[in-house]
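The values are calculated or read from the model by the stated rules, or taken from the named source; none is laboratory data. Everything quoted here is computed from the prediction, not taken from an experiment. Here Cβ is always computed from backbone atoms with ideal geometry, including for glycine, and neighbour counts include all displayed protein chains.
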Amino acid sequence: MTLQFGGTDALIILSAYAVLMIVIGWLAGRGKKLGKSVGDYYLAGRNLGFITLFFTLYATQYSGNTIVGYAPTAYREGFSWIQSVPFMTAIIGVYLIFAPRLYVIAKRAKFVTPTDWISYRFESKKVTIVAILLMLWGLGNYLLEQLVAVGHAVSGLTGGAIPYGYAVIGFILVMLIYEWLGGMRAVALTDVLQGIILLVGIIVVLIGAMTLAGGSLGNISQSIAATEPQKIGVPDLQTNINWISMILLAGIGAAVYPHAVQRIYSARSERTLKRSFARMAWMPPITTGLVLVVGIICIVLYPGMETGESEQVIGVLANDIASMNAFYYWMMIIFFGGIVGAIVSTADSVLLSFSSMVSHDIYGKYINPNASDERKVKVGKFVGVIVVFLLLWIAWNPPGTLYQIFVLKFELLIQVAPCFLLGIYWKRLRSTPVFWGMVVGAAIAGLMTLTGNNTLYGIHGGIVGLAANFAICIIGSLLIPVSDSYRTKIKNKTSLENNGVNM
């Protein structure tokens with residue numbers, strides 16, 4: 001994303017963002033003993049209100065990559081990328097299947113990480129370990145995606161004055177500082193700031209793009225139909241199958257993101273959680289829907305771009321919008337600074353969740369079960385730094401486009417879905433079929449990815465693996481005899497009665 005506008009102005013805006021995020025981190029942690037309690041540091045004391053919870057959920061589902069990555073995909077694929085709207089909507093639908101019930105149980109049992117639920121429900125070390133590994137895989141890929149995106153965004157915004165690698169290093173340091181200072185509170189508060197800027201900026205970019213195109217969407221569609229009809233035609237059967245597969249992959253996969261599940265735990269009340277989800281249902285058309293339109297307009301504005309060039313299309317568009325007048329110039333500077341901040345605010349959520357799982361689940365459960373909360377938090381911070389700089393090494397020569405990285409992270413992460421979608425309701429679900437379901441599902445998805453056969457008749461490897469996973473869980477559990485005592489125990493664990501939770 002190479003931009004020509006910006007220069008000193010962009011450096012000033014980026015510096016202001018960096019300072020502001022550090023100040024927010026300091027204010028969030030001031031006067032609070034965040035290192036003394038894992039619940040306080042990683043879950044903001046389980047006390048996030050409606051506005052903060054809504055925006056931190058919004059930042060979890062969307063980031064600056066929604067602009068940097070999705071608009072180029074719309075440019076390359078055309079109207080078929082409309083699938084980005086329903087797969088973002090599907091995430092909310094999947095949340096609502098299990099999140100409210102999980103919240104009540106988590107509040108009662110004081111869960112910190114997603115695998116606390118898995119340990120609590122299945123009482124199986126092997127199931128918990130496999131789930132941890134799959135979730136860490138997903139988090140690692142997601143964090144890598146954000147590091148690549150922030151490098152391109154900062155380098156592009158400054159016209160190359162800050163090179164890609166130095167941009168990644170600089171904002172990693174900013175992220176580590178404010179996250180260490182304020183924990184989840186700092187992460188959630190920065191999410192509010194970035195979410196507002198992202199929403200406003202998307203609208204301004206759309207207005208600017210429409211002005212440059214000088215026509216209605218109808219005229220733009222007619223122009224595409226005349227020059228690149230394949231981007232506006234009715235999709236073939238395999239493309240339609242791929243749509244459904246992608247909707248399932250993203251809808252289920254994003255809903256079981258570890259950092260998304262931890263947002264569920266962080267809500268002040270079940271009512272707050274449900275209100276936030278109700279507002280989130282409106283965000284796909286307002287966010288990915290508008291980004292889709294921007295990408296479609298760019299087909300007319302900048303025809304004939306190859307794949308590599310198209311990854312830069314938003315930067316090219318921003319340059320042209322910024323040259324229109326002073327208002328658009330400063331709006332593009334602020335907006336792209338906001339994109340950088342949004343990417344960083346997503347990365348910090350992922351890093352915080354990764355650290356919590358290493359410190360609380362691996363270190364606290366298996367390496368040093370007697371460790372204090374303070375020591376767990378310190379271990380999590382230390383491991384977080386190591387992981388970030390390991391991924392930085394990979395991000396220096398990033399693999400594939402941002403969209404390819406986006407798909408990759410779901411293939412294995414989605415295999416933990418039966419633990420939530422089945423485990424929270426079906427009392428007969430047993431640990432042994434769950435273990436083998438995750439192993440087989442992950443093996444199928446991984447094998448398809450490694451051999452380059454990412455889809456089977458348009459169906460993603462993660463969905464093929466998940467189908468096998470669900471089959472093993474259901475058939476295996478039905479074949480295992482269930483005692484009355486086991487049914488009673490699971491019923492008590494998953495019951496919503498007499499829990500003393502603020503509804």
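Name every residue in the range 184-238 that is acidic (Asp, Glu) and within 30 Å of residue 26 (Cβ to Cβ), in order of residue number.
To start, the set of residues in the range 184-238 that are acidic (Asp, Glu) comprises 191, 228, 236.
Matches in the range 184-238: 191 only.
So for the range 345-353 (the condition being among the acidic types (Asp, Glu) and either outside any helix (DSSP H, G or I) or surrounded by fewer than 24 Cβ atoms within 10 Å (Cβ to Cβ) (or both)), does at least one residue qualify?
So in the range 345-353, the residues among the acidic types (Asp, Glu) come out as 348.
Now restrict to residues that are either outside any helix (DSSP H, G or I) or surrounded by fewer than 24 Cβ atoms within 10 Å (Cβ to Cβ) (or both): none.
Scanning the range 345-353 turns up no residue that is among the acidic types (Asp, Glu) and either outside any helix (DSSP H, G or I) or surrounded by fewer than 24 Cβ atoms within 10 Å (Cβ to Cβ) (or both).
Given the criterion buried (at least 19 other Cβ atoms within 10 Å of the Cβ) and in contact with a His (Cβ under 7 Å, 6 or more places away or on another chain), identify the matching residue among 52, 60.
After ruling out the rest, the residue left standing is 60.
Residue by residue, here is whether (1) over 18 Å from the mean Cα position of the chain (by Cα); (2) modelled with pLDDT of 95 or more; (3) not charged (D, E, K, R) holds:
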| site | (1), (2), (3) |
| --- | --- |
| 410 | no, no, yes |
| 418 | yes, yes, yes |
| 436 | yes, yes, yes |
| 446 | yes, no, yes |
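Please verify whether the range 188-204 includes one or more residues that are of a type outside the set (Gly, Ala, Ser), exposed (fewer than 13 other Cβ atoms within 10 Å of the Cβ) and closer than 30 Å to residue 417 by Cβ.
So far as the range 188-204 goes, no, none of its residues is of a type outside the set (Gly, Ala, Ser), exposed (fewer than 13 other Cβ atoms within 10 Å of the Cβ) and closer than 30 Å to residue 417 by Cβ.
For the range 106-118, enumerate the residues that are in contact with a Phe, Trp or Tyr (Cβ under 7 Å, 6 or more places away or on another chain) and either surrounded by fewer than 24 Cβ atoms within 10 Å (Cβ to Cβ) or of a type in the set (Phe, Trp, Tyr) (or both). Please lay out each step first, then the result.
To start, the set of residues in the range 106-118 that are in contact with a Phe, Trp or Tyr (Cβ under 7 Å, 6 or more places away or on another chain) comprises 106, 109, 111-112, 117.
Result: 109, 111, 117.
Going through the range 205-228 one residue at a time, which ones are in contact (Cβ under 8 Å) with a residue 12 or more places away in the chain, among the hydrophobic types (A, V, I, L, M, F, W, C) and more than 10 Å from residue 300 (Cβ to Cβ)?
Matches in the range 205-228: 205, 206, 210, 217.
Quick one: how many residues across the range 215-231 are within 29 Å of residue 339 (Cα to Cα) and modelled with pLDDT of 80 or more?
Number satisfying all stated conditions: 4.
Just for helices (runs of 4 or more DSSP H) wholly inside the range 401-484: which have at least 1 residues that are of a type in the set (Phe, Trp, Tyr) and crowded, with 19+ Cβ neighbours inside 10 Å?
Details: elements: 402-413, 417-421, 431-450, 461-479.
It comes to 402-413, 417-421, 431-450.
Pick out the one residue from 423, 476, 452 that is on the phi > 0 side of the Ramachandran plot and not aliphatic (A, V, I, L, M). If you could, list the steps in order and put the result at the bottom.
Values: 423 fails: on the phi > 0 side of the Ramachandran plot; 476 fails: on the phi > 0 side of the Ramachandran plot.
On inspection, the qualifying residue turns out to be 452.
Looking at the range 297-330, which of the residues that are among the aromatic types (Phe, Trp, Tyr) and surrounded by fewer than 21 Cβ atoms within 10 Å (Cβ to Cβ) is nearest to residue 12 (Cα to Cα)? Explain how you work it out, then say what you get.
Pass one, the range 297-330, residues among the aromatic types (Phe, Trp, Tyr): 302, 327-330.
Next cut, surrounded by fewer than 21 Cβ atoms within 10 Å (Cβ to Cβ) only: 302, 327, 329-330.
Details: 302: 30, 327: 17, 329: 14, 330: 12 Å.
This residue is 330.
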